[in-house]
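Report on one structure; see the data block that follows.
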Amino acid sequence: MSITPPLFPEHSGATFSKCRKYRYKLWRQWNPDLPTVCFVLMNPSTADEVDDDPTVAGCQVRLSHWSEQYGGVVVVNVFAWRETNSELLPSLIGEGVDIVGDDNDAAIVEAAKQSALVVCGWGNPGNLLGRGDQVLELLRSNQIDAFAFAKNKNGSPKHPLYVAHATQPRPIASL
């Protein structure tokens, strides 16, 4: 396996459960003097403390296209279970797997509160178990403004990999 370092890292890391089946938070920082953007996405894939997956790399590239006002990205997910194929999540639920994770809500709130901008993008599968609405309520109840690039037909915020890089986030309520 080749190691792919993060695109812009001064500092990178991730928080996992002891079994490493759950990733609660991942961050990449290239300028500690600038604020971070928090992306609330669907579920973690292969990215870890060192390696990026396409989503994490894409979030970093997106920020580099926006402006020079952000110095880092933190990624949290509505589901903390690490799975490369999101289509398997319903069957995992059927097997009794807790795909949310015990520490996930706390990680979402912590990451969002420490960020200048919170962009939601969990896509259609993020509505499993009513989780998308739960996370939006979690953010609201903690006085955190949620943004998104666009919405899917089912009302879920579009995943950033499916939105042009030049698209700017807008308040979810206005979409």
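The values are calculated or read from the model by the stated rules, or taken from the named source; none is laboratory data. This structure is a prediction, so every number in the text was calculated from the model and none was measured. Positions of Cβ are generated from backbone atoms using ideal geometry, with glycine treated the same way; all protein chains shown enter the neighbour counts.
Would you mind stating whether Gln69 is of a type in the set (S, T, N, Q) and either surrounded by 18 or more Cβ atoms within 10 Å (Cβ to Cβ) or under 26 Å from Asp103 (Cα atoms) (or both)?
It is false that Gln69 is of a type in the set (S, T, N, Q) and either surrounded by 18 or more Cβ atoms within 10 Å (Cβ to Cβ) or under 26 Å from Asp103 (Cα atoms) (or both).
Scan the stretch 54-92 residue by residue and report those that are under 20 Å from Tyr24 (Cα atoms), more than 12 Å from the chain's Cα centre (by Cα) and not in a helix (DSSP H, G or I).
Of everything in the stretch 54-92, those that are under 20 Å from Tyr24 (Cα atoms), more than 12 Å from the chain's Cα centre (by Cα) and not in a helix (DSSP H, G or I) turn out to be Gly72, Trp81, Arg82, Glu83, Thr84, Asn85.
Are any residues in the stretch 143-164 more than 18 Å from Asn127 (Cβ to Cβ) and surrounded by fewer than 13 Cβ atoms within 10 Å (Cβ to Cβ), and if so, which ones?
Residues satisfying the conditions are Gln143, Asp145, Ala164.
Are any residues in the stretch 41-94 touching a strand residue (DSSP E or B) at 6+ places or on another chain (Cβ under 8 Å) and of a type in the set (S, T, N, Q), and if so, which ones?
Once the filter is applied, which keeps residues that are touching a strand residue (DSSP E or B) at 6+ places or on another chain (Cβ under 8 Å) and of a type in the set (S, T, N, Q), the stretch 41-94 yields Asn43, Thr55, Gln60, Asn77.
In this structure, is Asp145 acidic (Asp, Glu), over 27 Å from Asp48 (Cβ atoms) and at pLDDT 90 or above?
Taking the combined requirement at face value, the residue satisfies it.
Out of all the residues in the stretch 122-139, which are more than 17 Å from the chain's Cα centre (by Cα) and more than 21 Å from Asp102 (Cβ to Cβ)?
Passing the criteria: none in range.
When you check Ala107 against the structure, is it at pLDDT 95 or above, under 19 Å from Ser12 (Cβ atoms), aliphatic (A, V, I, L, M) and part of a helix (DSSP H, G or I), yes or no?
Criteria met by Ala107.
Looking at Gln168, Gln143, which one is free of Cβ contacts under 8 Å to residues at least 12 places away in the same chain, polar (S, T, N, Q) and not in a helix (DSSP H, G or I)?
On inspection, the qualifying residue turns out to be Gln143.
Please tell me if Val135 is surrounded by 15 or more Cβ atoms within 10 Å (Cβ to Cβ) and outside any helix (DSSP H, G or I).
No: the conditions fail for Val135.
Name the residues in the stretch 93-118 that are buried (at least 16 other Cβ atoms within 10 Å of the Cβ) and either at positive phi or touching an Asp or Glu at 6+ places or on another chain (Cβ under 7 Å) (or both), would you?
Gly101, Val118, listed by residue number.
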